[in-house]
Amino acid sequence: MKIKIFNNQGISILEVVVAILIITIGMVGVLSLVIQNVEAQYINKNILIATGLAQEGLELVRNVRDLNWLTAGNAWNQDIVGDGTYAIDYRGRGSINASVNTLNDAGARLYVNSSNLYTHSSADGAATDFYRLISVVDHTSYLDVSCAIRWKEGTQNRDYTAETYLYDWR
């Protein structure tokens, strides 16, 4: 008596089609996951940049206040007094632009210079997708400062805002 262990007839076309279908479904799932991860990475990168720019904007206003304390004869809120909107960059007090009214104004746009610093001057570098606007509300004994950042992702505008209060501790 002869016992057959292997079938020498080979693989049928139906088995091949089913195997290819299973592999294709698996690859579509993996490809979909890769695409979602790339999109999420792009969005998260812009959110991280926006939070850093907003915090920098608040720190720049805080720096102007602190320099006022160190300069004899200056009021603690000089150059940032009154209700208004401003554009300011890493150059500090010398870069304050009080004529910027909205995030859509050209003066609110940020550029990257050759040192990779963000500035509001188009002569200093390449345009970015980010706009920054500082808003100050004067409550006499303290300033309510907010920094709004706007950037475009595809056809949609994204906004991020950070706020702080500045007091005259001197």
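From the list S121, S115, which one is part of a loop (DSSP other than H, G, I, E, B), of a type outside the set (A, V, I, L, M), surrounded by fewer than 14 Cβ atoms within 10 Å (Cβ to Cβ) and out of contact with any Cys (no Cβ under 6 Å at 6 or more places or on another chain)?
S115
Output the residues belonging to region 119-137 that are under 16 Å from the mean Cα position of the chain (by Cα) and modelled with pLDDT of 90 or more.
T128, D129, F130, Y131, R132, L133, I134, listed by residue number.
Might you let me know whether region 57-78 holds any residue that is of a type outside the set (A, V, I, L, M, F, W, C), part of a strand (DSSP E or B) and under 18 Å from T164 (Cα atoms)?
Taking every residue of region 57-78 in turn, none turns out to be of a type outside the set (A, V, I, L, M, F, W, C), part of a strand (DSSP E or B) and under 18 Å from T164 (Cα atoms).
Filter region 139-167 down to residues that are out of contact with any Leu (no Cβ under 9 Å at 6 or more places or on another chain) and over 30 Å from E39 (Cβ atoms) and give me whichever is modelled with the lowest pLDDT.
T140
From the list L103, L67, which one is touching a residue at least 24 places away in the same chain (Cβ under 8 Å) and in contact with a strand residue (DSSP E or B) (Cβ under 8 Å, 6 or more places away or on another chain)?
Answer to the selection: L103.
For the list (1) small (G, A, S); (2) part of a helix (DSSP H, G or I); (3) touching a strand residue (DSSP E or B) at 6+ places or on another chain (Cβ under 9 Å), I need the number of the one condition that G94 fails.
Among (1) small (G, A, S); (2) part of a helix (DSSP H, G or I); (3) touching a strand residue (DSSP E or B) at 6+ places or on another chain (Cβ under 9 Å), the lone unmet condition for G94 is (3).
Any chance region 135-153 includes a residue that's of a type in the set (D, E, K, R) and touching a residue at least 60 places away in the same chain (Cβ under 8 Å)?
yes
Restricting the search to region 59-80, which residues are closer than 16 Å to C147 by Cα and surrounded by fewer than 16 Cβ atoms within 10 Å (Cβ to Cβ)?
E59, R62, N63
Kindly indicate whether any position in region 81-104 is over 23 Å from the mean Cα position of the chain (by Cα), buried (at least 17 other Cβ atoms within 10 Å of the Cβ) and either over 30 Å from H139 (Cβ atoms) or not small (G, A, S) (or both).
No, there is no match, as no residue in region 81-104 is over 23 Å from the mean Cα position of the chain (by Cα), buried (at least 17 other Cβ atoms within 10 Å of the Cβ) and either over 30 Å from H139 (Cβ atoms) or not small (G, A, S) (or both).
The values are calculated or read from the model by the stated rules, or taken from the named source; none is laboratory data. Everything numeric in this text was worked out from a predicted model, so none of it was measured. A quick note on method: Cβ atoms are made from the backbone with ideal geometry, for glycine too, and the neighbour counts reach across all protein chains shown.
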